[in-house]
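**Student:** Submitted below is the structure of interest, expressed as structure tokens.
The values are calculated or read from the model by the stated rules, or taken from the named source; none is laboratory data. These numbers were taken from a predicted model, which means no experiment stands behind them. Heads up, the Cβs are rebuilt from the backbone with ideal geometry, glycines too, and the neighbour counts pull from every protein chain shown. Calculation scope for accessible area: heavy atoms of the full protein, side chains included, ligands and nucleic acids excluded. Shrake-Rupley method; radii C 1.70, N 1.55, O 1.52, S 1.80 Å.
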Amino acid sequence: MSDLLNQLNDAQREAASTTEGPVMIIAGAGSGKTRTLTYRIAHLLEKGVDPFSILALTFTNKAAGEMKERIIKLVGSEARNIWMGTFHSVFARLLRADGHRLGYTSSFTIYDTDDQKSAIKQIVKQLNLDPKTYKPSTVISRISMAKCNLISPKDYAETPDIYQTDIDAKRPAMGQIYQMYDQRLHNSNAMDFDDLLFNMNILLRDFPDVLLKYQERFQYVMVDEYQDTNYAQYLIAKKLAARNQNICVVGDDAQSIYAFRGANIQNIFNFQRDYPQMQLFRLEQNYRSTKAIVGAANSIIDHNRDQIKKELWCDNADGRPIQLIRAIDERDEANRVADSIQTLRLGENADYRDFAILYRQNSLSRSIEDVLRRASIPYRIYQGISFYGRREVKDVLAYMRLVVNPHDDECLTRAISYPPRGIGQTTLDRIRVAAADNDISLWTVMENLPNFGLGLNSGLAQRITEFVYMIKRFEAQVPTTDAFTLGKQIVLASGILKALREDDEPDSADRLENIEELLNGIQEFCENADEELPSTTPDAPAADGQPTLHTLDEFLQQVLLYTSEDKDKDKDADRVSLMTIHAAKGLEFPYVYVVGMEEQLFPSFMASSRAELEEERRLFYVAVTRAEQQVTLSYALSRYHNGQQTGGEVSRFIEEIDPNYIDMPRQAPRAMPRDIWDRLGGKLTSPARATRTATPPRGPAVPNTPAEINAIMPGMKVQHAKFGIGKVLGVEGAADSRKATVFFEGVGQKQLLLKFAKLSIVEP
């Protein structure tokens, strides 16, 4: 056994050293999955395996980058030649090499969600369909599901069950939209993210020589997060590994939470059926969390029937049991969470960045954000708008993408429209009609204006010709100019900088800084691109003594696959993280709060089958196992829903936790206590009960006068409109920041900002 593997525990070492044949590694939360996979690859290289023959597929670019850096530190720079990256980034590379077999050039564009929505809107308009019925997000989701299951537009149109489903949903034109969208992508020499997998499957299916080439190249195939693979990903991995059978999949069925994106948990359940001779290894020692958290997690997932059995354990401290917050409503819940964060932060000498607040649905963040702002607790919404998703950055990228691929209709429309250059929507519509009538791209029409009789005046035709000339001039420089030099020239020539400098919007300076940051990113790429994925032709000799030229098309190939990762300049700032539980997967924090733990919210009211309920439970398992030191769960006895205040029931998931691992109140009623019902006027509705008339939402608080604020002193009895009678325990601060700590019977201790609390003195 090598010294390298001696750094692993027994279970990790056994998994990492078994390199031949099919292997499945079931890795519990916090059990060192990445470490094991890293050392397994390093062990292969140490044995003399050619790094070019190793394919490691991950689900995030960040995971791939960090893993490769670790391997380089273990075995040296030769590890840079490993084929490691996301399914999309790796197969984008392969399609650029062999996509010509499917009718694409190597400079094809990758459409992001905004590009897709724009294309769908144009098609819906062209077909005179109701945009409310055929919403872009709905259409895109439907097409995505089809592609993930390898259903082509032709198959879609010819399958009666699919058509009937669309009829039932009152969207009978869905198949026609799919066909037109697919044709539009081909005409634009473009693929969306799902096409990268769909077309890779077609390539391997229809061209046996291509399949054989990659089977011989990739002697060892490894797939991380195997429980999250969809059918298209599953089939690609299976085809590539079919010749050598050296496939290793790593994952955890207990963390399969992406069915809504097409992930199929059956892939990991059926691995043994696909490979009867496979070897199974379980990583069960948790290094992340306390014993209380690990014990709670085990008791949660034990309620699922469909699972690969394992038992997490750890040698860490016992830790505190899971804490439970029972709140009156969402505002009370948010206040209690904020108070808890402040108490823990001071008592544990923690930073704000140590805290995460997780929720099942985005709407639950509103009340949390309101309270955090008022309490001056800094926070950030995790995975909000990415750097590459910001308007000004997308404007610049549209020009760059158009230079690389002029036939990209979506980029052309965006670029020619901003900054304004006297080419209006009416003109674009004429060009678009001509392109549709002739089944060609907008660019082809603009290159050949006189041939289409569009009836444009000479000035308008001249402006279009000048735009075409500008793009062509830059296009000619792509093969011979480095990405940074050409990118800077494009930014200057586009007129975007001039437009922003003349814009009087308050965020114009920030937008200019973001463009500068984009150029910095291009320069960084030019300096470090050699450390990315190996070439598709690894045996091609390099020119002696010549520095590698990294061109704009290479930069765009990378950046368009990183758009889901937030390049936020203050991502490491000291802020509380707010995010959905789905977004939290793969992250960890010392202190985790899970809010909205109520029936209908979590588990979601959409979970109508056992399989869906079990996925909800896996999602809860993921939430709990993000924590290192403490988990706090909260639920509200009432919550506004669709403008009505509704009574809530505590989530069944809380009741499923082993009582040894949670501080459960002696009585945790599922229904609202009578005194709270009466206090709120007895006018609540419940999603599980008959609807009643709801009380109107509370308006903004009217501030106390300075005299009323200064009159409140410790020892007084006061009345609060919501919390009832309470005793003032202490007062601090002055003027607008004066606060009182008040104990309310049946509610507990609250800290209130007197300017807004509207306390009335009952007894001085």
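**Student:** Modelled label-to-label distance, Asn710 and Ser458, 7 Å Cα→beta-carbon offset: nm?
**Tutor:** According to this spin-label approximation, the distance is 8.0 nm.
**Student:** Next up: Between region 71-150 and region 339-389, what is the separation of their alpha carbon centroids in Å?
**Tutor:** For region 71-150 versus region 339-389, the Cα centre distance is 33 Å.
**Student:** Mind checking region 290-351 for GluC sites (Glu not before Pro) that DSSP puts in a loop (not H, G, I, E or B) and that have at most 15 other Cβ atoms within 10 Å?
**Tutor:** Filter output for region 290-351: Glu311, Glu348.
**Student:** Using the 2.2 N^0.38 Å rule of thumb for compact globular proteins, work out how region 426-535 stacks up: its C-alpha Rg over that value, please.
**Tutor:** 1.39
**Student:** Something else: What FRET efficiency, computed as 1/(1 + (r/R0)^6) with R0 = 56 Å and r the Cβ-Cβ distance, is obtained for Arg320 and Lys121, rounded to the nearest 0.05?
**Tutor:** It comes to 0.60.
**Student:** Another question about this same structure. Any chance you could look up the accessible area of Met470 with a 1.4 Å probe, heavy atoms only, rounded to 10 Å²?
**Tutor:** The accessible area of Met470 comes to roughly 20 Å².
**Student:** Now for a different question. Could you bin all the Cα-Cα distances of region 156-250 into 10 Å bins starting at 0 and give me the percent of pairs in each, rounded to whole numbers?
**Tutor:** 14, 32, 31, 19, 4
**Student:** Which residues' amide hydrogens lie under 5 Å from the amide hydrogen of Ile110, considering only partners 5 or more residues apart or on another chain, with H built in the peptide plane?
**Tutor:** Met191
**Student:** How much net charge surrounds Phe193 when only other residues with a Cβ under 10 Å from its Cβ are counted (Lys, Arg +1; Asp, Glu -1)? Write out the running numbers ahead of the final one.
**Tutor:** Details: positive: Lys147; negative: Asp112, Asp192, Asp194, Asp195.
The answer is -3.
**Student:** Helix 610-624 versus the longest principal axis of the chain: what angle, 0 to 90°, nearest 10, using Cα atoms?
**Tutor:** 80
**Student:** Only Cα pairs under 8 Å and at least 6 apart count here; give the relative contact order of region 185-312 as a rounded whole percent.
**Tutor:** 21
**Student:** Can you give me the distance in nm between label points at Thr481 and Met606, each placed 7 Å from the Cα along the Cα-to-Cβ direction?
**Tutor:** 4.6
**Student:** Mind checking region 101-168 for trypsin sites (Lys or Arg not before Pro) that DSSP puts in a loop (not H, G, I, E or B) and that have at most 11 other Cβ atoms within 10 Å?
**Tutor:** Those satisfying the criteria are Lys132.
**Student:** Show me 646-653, 363-370 ranked by packing, highest mean number of other Cβ atoms within 10 Å first.
**Tutor:** Result, highest mean first: 646-653, 363-370.
**Student:** Pairs of Cα atoms under 8 Å, at least six residues apart: use those to get the relative contact order of the chain, whole percent.
**Tutor:** Reported relative contact order: 15 percent.
**Student:** How about Lys755: which lysines have a C-alpha closer than 21 Å to its C-alpha, ignoring those fewer than 8 places off in the same chain?
**Tutor:** Filter leaves Lys717, Lys722, Lys727, Lys739.
**Student:** At 7 Å along Cα-to-Cβ for each site, give me the label-to-label distance between Glu447 and Ser417 in nm.
**Tutor:** Modelled inter-label distance: 2.4 nm.
**Student:** Let me ask another. What are the extents of the Cα atoms of the chain along their three principal axes, listed from largest to smallest and rounded to whole Å?
**Tutor:** Answer, in whole Å and largest first: 88, 75, 58 Å.
**Student:** I would also like to ask the following. Restricting to Cα pairs below 8 Å that are 6+ residues apart, what does the relative contact order work out to for region 587-642? Please round to a whole percent.
**Tutor:** Result for region 587-642 is 58 percent.
**Student:** Also: Just the Cα atoms of region 576-635: what Rg and Dmax do they give in Å?
**Tutor:** 11.7, 35
**Student:** While we're here: What whole number of Å gives the distance from the Cα centroid of region 577-615 to the Cα centroid of region 151-168?
**Tutor:** 33
**Student:** Determine the sum of side-chain charges near Tyr178: Lys and Arg each +1, Asp and Glu each -1, restricted to other residues whose C-beta is under 13 angstrom from that of Tyr178. Before the final figure, lay out each step's value.
**Tutor:** Working: positive: Arg142, Lys147, Lys154, Arg171, Arg184; negative: Asp155, Glu158, Asp166, Asp182, Asp192, Asp194, Asp195.
Local net charge: -2.
**Student:** Also, quick follow-up: Sorting check: for 618-624, 422-428, which peptide has the highest mean count of neighbouring beta carbons within 10 Å, and how do the rest follow?
**Tutor:** Ranked from most to least packed, the peptides come out as 618-624, 422-428.
**Student:** Exceeding 29 Å between C-alpha atoms, which entries from my cross-link table qualify? They are Lys68/Lys488; Lys62/Lys488; Lys47/Lys213.
**Tutor:** Lys68/Lys488
**Student:** Taking the Cα centre of the chain as origin and charging only Cβ (+1 Lys, Arg; -1 Asp, Glu), how large is the dipole, in debye to the nearest 20?
**Tutor:** I would put it at about 2120 debye.
**Student:** What share of the DSSP beta bridges in the chain is antiparallel, in percent to the nearest 5?
**Tutor:** Taking every DSSP beta bridge within the chain, about 35 percent pair in antiparallel fashion.
**Student:** Step through the table entries Lys117/Lys394; Lys394/Lys498; Lys291/Lys750; Lys117/Lys238; Lys33/Lys585, compare each Cα-Cα distance with 21 Å, and write down the pairs that go over it.
**Tutor:** Lys291/Lys750; Lys117/Lys238
**Student:** Work out, step by step, the length gained on full extension between Val433 and Asn149: first 0.36 nm times the residue separation, then minus their alpha carbon distance; give nm to one decimal.
**Tutor:** Value of the extension gain: 99.0 nm.
**Student:** Within 10 Å, count the other beta carbons around each residue, average over each peptide in 84-94, 155-165, and list them highest first. Before the final figure, lay out each step's value.
**Tutor:** Working: 84-94: 23.0, 155-165: 13.1.
So the order, starting with the most tightly packed, is 84-94, 155-165.
**Student:** Could you tell me which of Tyr352, Gln122, Ile377 has its Cα farthest along the dipole of the chain towards the positive end, charges placed at Cβ (Lys, Arg +1; Asp, Glu -1), taken about the Cα centre?
**Tutor:** Ile377
**Student:** Rounded to two decimals, what ratio of Rg to Rh does region 304-386 give with C-alpha atoms and a Kirkwood Rh?
**Tutor:** Answer for region 304-386: 1.05.
**Student:** When we measure straight from the Cα of Lys310, which aspartates and glutamates land under 15 angstrom away, once same-chain ones fewer than 8 places off are left out?
**Tutor:** By straight Cα distance, Lys310 reaches Asp252, Asp253, Glu284, Asp302.
**Student:** If you don't mind, another one. Sequence-distant or interchain residues sharing an amide H contact under 5 Å with Ser604, placed H: which?
**Tutor:** none
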